[in-house]
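Comments concern the structure below.
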Amino acid sequence: MTKTEAMTKMKEKGADDALSLRGRASTMDGTAIIAEESKVPDFDAQKDYSACPAGTPVADEGQVWTLITPHNAANYQGRPSTLRALWGLCHTKDPAKAKAWVDPYGTSGMYMTGECYKDENGTVHKCKQDNVVHDASALPSAWEDA
């Protein structure tokens with residue numbers, strides 16, 4: 001097999017994995033989606049997500065986001081972190097896969113019991129209650145070290 005053939009097969013496998021995950025993602029929680037993060041495609045600001053089902057995951061800025069409202073990204077200025085009405089933030093309960101803190105936006109991205117984040121010092125914090133919108137430095141009673 002040539003290098004070109006191998007690269008083609010790898011791209012096909014990656015596309016198949018991403019399509020499979022997209023089909024299952026609406027029934028998965030953030031922990032399950034982040035566990036398969038290697039299959040999550042990068043956000044594409046020129047892609048038409050109109051035909052994608054709600055729950056379709058993308059990776060962007062070190063986070064995993066899920067589609068809330070199908071749309072054509074080329075018609076919007078921004079990315080998932082700035083288009084929070086269109087994209088929801090995933091969190092994980094796996095401390096080894098914890099992501100950096102991102103402020104929730106309304107009810108989107110609130111932390112629930114058991115979900116984790118990693119602070120700027122590398123400490124992983126685990127949420128002790130549902131609907132938390134403040135990090136451990138602002139609301140220490142809602143968090144424990146993981």
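Annotations for the structure displayed:
- Residues ASP119 and LYS13, FRET efficiency given R0 of 41 Å [Cβ-Cβ distance, rounded to 0.05]: 0.70
- Cβ crowding within 10 Å averaged over residues, with 58-68, 23-33 ranked highest first: 58-68, 23-33
- Contact order normalised by residue count of the chain, Cα under 8 Å, 6+ apart, percent: 15 percent
- Note on LYS11: lysines with a C-alpha under 19 Å away, same-chain residues under 8 apart excluded, are LYS3, LYS39, LYS47.
- On a per residue basis, the chain carries 56 Å² of accessible surface, using protein heavy atoms and a 1.4 Å probe.
- Computed FRET value (nearest 0.05) for ALA74 with GLN129, which takes r as the C-beta separation and R₀ as 30 Å: 0.15
- Option label - mean projected area of the Cα convex hull in nm² computed here, alternatives (1) 13.3; (2) 14.7; (3) 9.9: (3)
The values are calculated or read from the model by the stated rules, or taken from the named source; none is laboratory data. Since the model is a prediction, treat every value here as computed from it, not as a measurement. Positions of Cβ are generated from backbone atoms using ideal geometry, with glycine treated the same way; all protein chains shown enter the neighbour counts. Protein only, heavy atoms only, side chains kept; ligands, DNA and RNA dropped before computing areas. Shrake-Rupley method; radii C 1.70, N 1.55, O 1.52, S 1.80 Å.
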